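Engineer: Quick one: the structure is below, questions incoming.
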Amino acid sequence: MENFLNSFLDAVDIRHNGPMSFRIIIQPLVSLVYAVIAGIKDAKADKPPFLKALILGKASRRDLLKELWKDVGKIFILATVLEIIFELIVFKTVHPLEVLRVGFFLAILPYLIMRGPVERIVHLFIKKDEDKTSESSSKN
C-alpha cells in the first residue's frame, strides 16, 4: 500500500510540475461545474444523493451510470487524450492503466464526490423556501 501511495504521489508531482500542468486544475473544475448543475437538478427533482443511489440503488444504477457518462464522458475522454500526450512527451511511452487512472481522478471522481453534497445543500435551501411559503400562507 505504501508503494502504491508513493508512486501515486510521485505521479501527481510529475504531472503537476511537468508540461500541460493546467489540466490538473482545469479538468476537475469543469467536472465540478457539471456536478453542481446535476446536483441542483437532483434537488429540484427531489432525487436521493447520487453516489448513495449509485451504490445502493440497484434498480436505477444503469440510468445513473448513463447520466454520469453523459455529464462527464467528454471530460474523461479529454483527460485520457491529454494524459496520453503528456506521457508521450515525458516518458516517450504510454501506460494504459495510468491513463485510465488519471482520467478517473481528473474527470469522474470530483463529479462523484460533489454531486451529492450539492444536492443536499440545495435541497436544504429549497426546503427553507417551502417552509417560509407554507408559514406565510397559513398566516393568511
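Engineer: For the range 16-75, give me the residue count where each residue is more than 17 Å from the chain's Cα centre (by Cα) and closer than 30 Å to Phe86 by Cβ.
Structural biologist: 7
Engineer: May I pose another question? Condition test on Lys74, is it within 14 Å of Gln27 (Cα to Cα) and free of Cβ contacts under 8 Å to residues at least 24 places away in the same chain?
Structural biologist: yes
Engineer: Filter the range 77-104 down to the residues that are of a type in the set (Phe, Trp, Tyr) and touching a residue at least 24 places away in the same chain (Cβ under 8 Å), then identify the one that is nearest to Met20 (Cα to Cα).
Structural biologist: Phe86
Engineer: Quick test of your reading of the structure: Thr80 fulfils all but one of (1) under 30 Å from Arg15 (Cα atoms); (2) modelled with pLDDT under 90. Name the failing condition by number.
Structural biologist: (2)
Engineer: Having 2 or more residues that are at pLDDT below 80 and either in contact with a helix residue (DSSP H, G or I) (Cβ under 9 Å, 6 or more places away or on another chain) or surrounded by 12 or more Cβ atoms within 10 Å (Cβ to Cβ) (or both) is the bar; report the helices (runs of 4 or more DSSP H) wholly within the range 1-68 that clear it.
Structural biologist: Helices (runs of 4 or more DSSP H) meeting the threshold: 2-17.
Engineer: Okay, moving on. Could you say whether any residue in the range 82-91 is surrounded by 13 or more Cβ atoms within 10 Å (Cβ to Cβ) and under 18 Å from the mean Cα position of the chain (by Cα)?
Structural biologist: Yes; the residues of the range 82-91 include at least one that is surrounded by 13 or more Cβ atoms within 10 Å (Cβ to Cβ) and under 18 Å from the mean Cα position of the chain (by Cα).
The values are calculated or read from the model by the stated rules, or taken from the named source; none is laboratory data. Note that the coordinates shown come from a computational prediction; the quantities given were computed from them, not determined experimentally. As a convention, Cβ positions derive from the backbone with ideal geometry for all residues, glycine included, and neighbour counts pool all protein chains shown.
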